[in-house]
Amino acid sequence: MDSAISTVKNTLIEYAERAGGMVVMVIWPAGTTMTCSKYFVRNKRLMLDERTFVCSCCGYVSGRDRNGARMSQCGLRLKSASSGEGNR
């Protein structure tokens with residue numbers, strides 16, 4: 001099953017790069033919903049049924065998925081900067 005998902009993902013990435021002339025960067029999403037997108041402090045636990053993220057350090061409150069998306073954006077910016085790709 002994992003190899004099938006990986007094959008589909010790689011096919012979609014190749015298609016997007018060819019069709020749109022863009023660079024596609026993949027980031028590892030593990031922990032993105034549990035880490036504060038303001039100060040990058042990771043909560044010890046966030047149960048799957050909890051839909052709101054509350055930072056245990058600074059009190060930042062956000063929707064779980066929104067916080068995860070913001071963390072993904074931060075990861076893409078860091079990856080882009082380190083690879084010299086810039087903002088695309």
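The values are calculated or read from the model by the stated rules, or taken from the named source; none is laboratory data. As the structure is a computational prediction, the values presented were derived from the model and not from experiment. Positions of Cβ are generated from backbone atoms using ideal geometry, with glycine treated the same way; all protein chains shown enter the neighbour counts.
Would you check if residue 4 is loosely packed, with under 15 Cβ neighbours inside 10 Å, assigned to a helix (DSSP H, G or I) and among the small types (Gly, Ala, Ser)?
It is true that residue 4 is loosely packed, with under 15 Cβ neighbours inside 10 Å, assigned to a helix (DSSP H, G or I) and among the small types (Gly, Ala, Ser).
Give the residue that is modelled with the highest pLDDT, with candidates limited to residues of the stretch 25-62 that are of a type in the set (Gly, Ala, Ser) and within 25 Å of residue 9 (Cα to Cα).
Here the residue is 30.
Restricting the search to the stretch 46-61, which residues are touching a strand residue (DSSP E or B) at 6+ places or on another chain (Cβ under 6 Å) and within 15 Å of residue 31 (Cβ to Cβ)?
53
If I ask for residues that are more than 9 Å from the chain's Cα centre (by Cα) and surrounded by 12 or more Cβ atoms within 10 Å (Cβ to Cβ), which ones from the stretch 32-43 would you list? Write out each step before concluding.
To start, the set of residues in the stretch 32-43 that are more than 9 Å from the chain's Cα centre (by Cα) comprises 34-43.
Selection gives 34, 35, 36, 37, 38, 41, 42, 43.
If residue 10 meets every condition in (1) modelled with pLDDT of 85 or more; (2) polar (S, T, N, Q); (3) out of contact with any helix residue (DSSP H, G or I) (no Cβ under 6 Å at 6 or more places or on another chain) apart from one, which number is that one?
(1)
If a residue must be in contact (Cβ under 8 Å) with a residue 12 or more places away in the chain and in contact with a Ser or Thr (Cβ under 8 Å, 6 or more places away or on another chain), how many such residues does the stretch 35-59 contain?
Number of matching residues: 7.
In this structure, does residue 9 turn out to be closer than 23 Å to residue 77 by Cβ, of a type in the set (Lys, Arg), surrounded by 11 or more Cβ atoms within 10 Å (Cβ to Cβ) and in contact with a Cys (Cβ under 8 Å, 6 or more places away or on another chain)?
On the way: closer than 23 Å to residue 77 by Cβ: yes; of a type in the set (Lys, Arg): yes; surrounded by 11 or more Cβ atoms within 10 Å (Cβ to Cβ): yes; in contact with a Cys (Cβ under 8 Å, 6 or more places away or on another chain): no.
Here the answer is no, as residue 9 does not meet what is asked.
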